1. Divide by every residue of the chain the summed helix terms, -39500 (n - 2.57) for each DSSP H run of at least 4, and state the resulting mean residue ellipticity at 222 nm, rounded to the nearest 500 deg cm²/dmol.
2. Of the candidates A51, A112, A66, which one comes out as most mobile in a Gaussian network treatment of the chain with C-alpha springs shorter than 10 Å?
3. Which cross-chain or sequence-distant (5 or more) residues have an amide H under 5 Å from the amide H of V92, H modelled 1.01 Å from N in plane?
Amino acid sequence: MSLRSPLGRVLGLGSAQGGSGHWYAQRLTAVALVILGLWFVASLAMLGPGASHGSVVHWLGSPLPATLALLLVLVGAYHAQLGMRVVLEDYVGDKGLRTVLVTALNFLLVTAAILGVLAVLRLALGVQA
């Protein structure tokens, strides 16, 4: 028998205290992706349906579009990592397999983000193949 109150017995047995920060980060990146996605689609639409490669390179050659495109790539990769990690943690029961899958997910998304950043920079700097 314990002299602790019911509240005292359950304190410290709950979550790891990181869930609200994760939830907030996921919502913040979702809002950022909506704004950046709308900007990207609207900007491409203003270039016209038959926009050439040169006009897109010229458009991304400006600092603001290049910066926003880089943000779109990076925020998209981070948002994907947040969401897919939750799915893996919730639905993969084996701890070892879960660790392997989360590590592979992180590697895949970091690689995708690096490739996306390099592609935007290549277009923004006008590097020819």
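Where a number appears in this text, it was derived from the coordinates with a stated rule and is not lab data. In this text the structure is predicted, and so the values were computed from the model without any measurement.
1. Computed mean residue ellipticity for the chain: -27500 deg cm²/dmol.
2. A51
3. none
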